[in-house]
Amino acid sequence: MFENTRPVPACPTVKLSYCHNCDLFADLDGLHVTAVDRPAMKSALIVWVESAKTITGCPDCGVVAVSAGRREVELIDAPVYAGPARLIWRKRRWRCEDRDCSRGVFTEQNPTVAAPRALLTRRCIAWGIRQMRRENLSIHGLARQHGA
């Protein structure tokens, strides 16, 4: 894990909503950039993202779920500007209000960004495969480029 720093707001001019330009730049389907930081010059670029508030149903019973807050999940992303990148995804947690439902609390998922419980984003995986095919890069070389 990286040293916890205070993130810089992604777009200080936008106060009440997400910055459309920041979201276009990050290109993460369904997620919005909330902050960006690079604690040290040669360290990973850290991008904080989250989904917008929405109504969601329980995946088991369909009852409208109640928000149970968010939890941060760190993902390794494809390199940006020839350096490593990390996503800190503030995933929404939900609680099913149906007492007969066995689901209880569940966390939002976005399979276009990363598989459930994954450590790497889908685009990081795709980047790694391209590097191994085109550049004949080893697994060790990939890990070194990601700062792992």
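Since every read-out is calculated from the coordinates, none of them should be taken as a lab result. Owing to the predicted nature of the structure, the values given are computational and were not obtained by experimental measurement. Don't worry about glycine lacking a Cβ; one is built from the backbone with ideal geometry, like all the others, and counts go over all protein chains shown.
Summary table
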item	result
Packing-based exposure ordering (other Cβ within 10 Å, fewest first) of Asp60, Asp27, Asp37	Asp27, Asp60, Asp37
Loop sites in the range 55-123: trypsin sites (Lys or Arg not before Pro), DSSP, at most 16 other Cβ within 10 Å	Arg99, Arg103, Arg117
Share antiparallel - DSSP beta bridges, the chain, percent rounded to 5	75
Kirkwood Rh and Cα Rg combined as Rg over Rh, evaluated for the range 8-145	1.04
Principal-axis tilt of helix 122-134 within the chain, Cα atoms, nearest 10 degrees	30
Diffusion coefficient, µm² s⁻¹, Stokes-Einstein with Kirkwood Rh over alpha-carbon pairs of the range 20-94 at 4 °C and 1.567 mPa s	94
GNM result for the chain, Cα springs below 10 Å: residue of Glu135, Glu50, Glu108 fluctuating most strongly	Glu135
Filtered chymotrypsin sites (Phe, Trp or Tyr not before Pro), the range 81-148: DSSP coil and at most 14 other beta carbons within 10 Å	Tyr81
